[in-house]
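Reading through the structure tokens given below for one structure.
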Amino acid sequence: MSTAARARRTPEAKPGATPEADRTPGTKPEAGRIPRALWPYLLIAPTVLGTAYLLVYPLVRNLVISFQTYGMGELIRGGASFAGLANYREILDDTVFWEVVRRTFWWTAVNVVLIMVLATLVALMLQHLGRRMRLLVMSGLVLAWASPVIATTTIFQWLFSSRLGVVNWLLVRLGFESYENYSWFADGSATFVILVLLVVWQSVPFAAITLHAALLTVPAELYESARLDGAGAARIFRSVTLPVLRPLFALVLCLEVIWVFRCFAQIWAISKGGPGDATTTLPVYAYRVAQSLHRYDLGAAASTITVLLLVAVLVVYFRQMFRQEAEL
């Protein structure tokens, strides 16, 4: 066979093809190629870096300012000096601060209890509704949940307006003449109640939909067995539903505590912490100190204390939850 014929029968190597010996297991990767094990970390790196920049950096920056003398002058020209623990001592010696702390815990407890009770009742109700009615109710919950915070707050301001508010109009039509042109936002207790209604109305949809989704995972055989044993609705909830939902119930409760504890936009938009200090919570207090007094160092110290108090509450809660799970 001629040399030309053998050349025609010999398959040409494709551009970029790797020899068979190079494709065998155990060979080293080519220089410059990224190892396969690093690809997952590279894919999540942008998200991790973005989260660190948006969350970790402000937290660290706030902590640094809390140990400095940082007012309007330092904000403009820079050069903040180290103040040590002076800002924390000034905050902790303020009697108004401790009143705000008590009010914040009371505010959180009232809202979270109402949210979890109502959300559980709504989730249980959804189980017993027909398909169309369940779809209608869940659509309403999703719309309420998706509504912008400021838009919802504005609607509540209009509802409780002294002259054009629907609430006053309805109460007067029902025979309560004393509510003619009644100013709800001039009374501290009334403003506090309105804010509780607003926050509960905004929070219940998320908790109810989440708990309803968890209820769908409970096996129907457990309910049937409990009914055959003669258990009523309350006993079924305590013995079947609640144990199954306990992990997710604890998660929702934790999220609601965090959300209510740091609630700011609704309070500031409606009352700015007033009248007086009737609706001032820790986030509002920190903002008022920083913006009204231009003491950004004190505001940073108050914010740091707020975070530490929230972490302490969650740690105590998680320890109690883990202790209960260990006893089961």
Review point. What number, rounded to the nearest 500 deg cm²/dmol, is the helix-based mean residue ellipticity at 222 nm of the chain, given -39500 (n - 2.57) per DSSP H run of at least four residues and division by all its residues?
Key: -21500 deg cm²/dmol
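So if I place +1 on the C-beta of Lys and Arg and -1 on the C-beta of Asp and Glu, and nothing else carries charge, what would the dipole magnitude of the chain be about its Cα centre? I want it in debye, nearest 20.
1320 debye
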Practice item. Compute the length gained on full extension between Leu248 and Ser162: take 0.36 nm times their separation in residues and subtract their Cα-Cα distance, giving the result in nm to one decimal. Key: 26.8 nm
Practice item. Return the label of the correct value of Rg and Dmax of the Cα atoms in Å, as calculated from the structure shown, out of [x] 23.0, 89; [y] 31.0, 96; [z] 30.0, 116. Key: [z]
Exercise for review: Per residue, how big is the convex hull around the C-alpha atoms of segment 124-163? Give it to me in cubic angstrom, could you?
Suggested key: 91 Å³
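Given Cα pairs under 8 Å that are at least 6 residues apart, what percent is the relative contact order of the chain?
25 percent
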**Study point:** For the chain, accessible area per residue (1.4 Å probe, heavy atoms of protein chains only), Å²
**Key:** 64 Å²
Check your understanding: Could you state the principal axis extents of the C-alpha atoms in segment 147-239, from the largest down, to the nearest angstrom?
Key -> 57, 32, 22
Practice item. State, in angstrom, two size descriptors of segment 89-209 derived from its alpha carbons: Rg to one decimal place and Dmax to the nearest whole number. Key: 18.1, 59
Practice item. First compute the accessible area of the chain with a 1.4 Å probe, then give the percent of it belonging to carbon and sulfur atoms. Key: 66 percent
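The values are calculated or read from the model by the stated rules, or taken from the named source; none is laboratory data. Keep in mind that what you see is a predicted model, and the values were worked out from it rather than measured. Every residue, glycine among them, receives a Cβ derived from its backbone with ideal geometry; neighbour counts consider all protein chains shown. Keep in mind that these areas ignore ligands, DNA and RNA; they rest on the heavy atoms of the full protein, side chains included. Shrake-Rupley method; radii C 1.70, N 1.55, O 1.52, S 1.80 Å.
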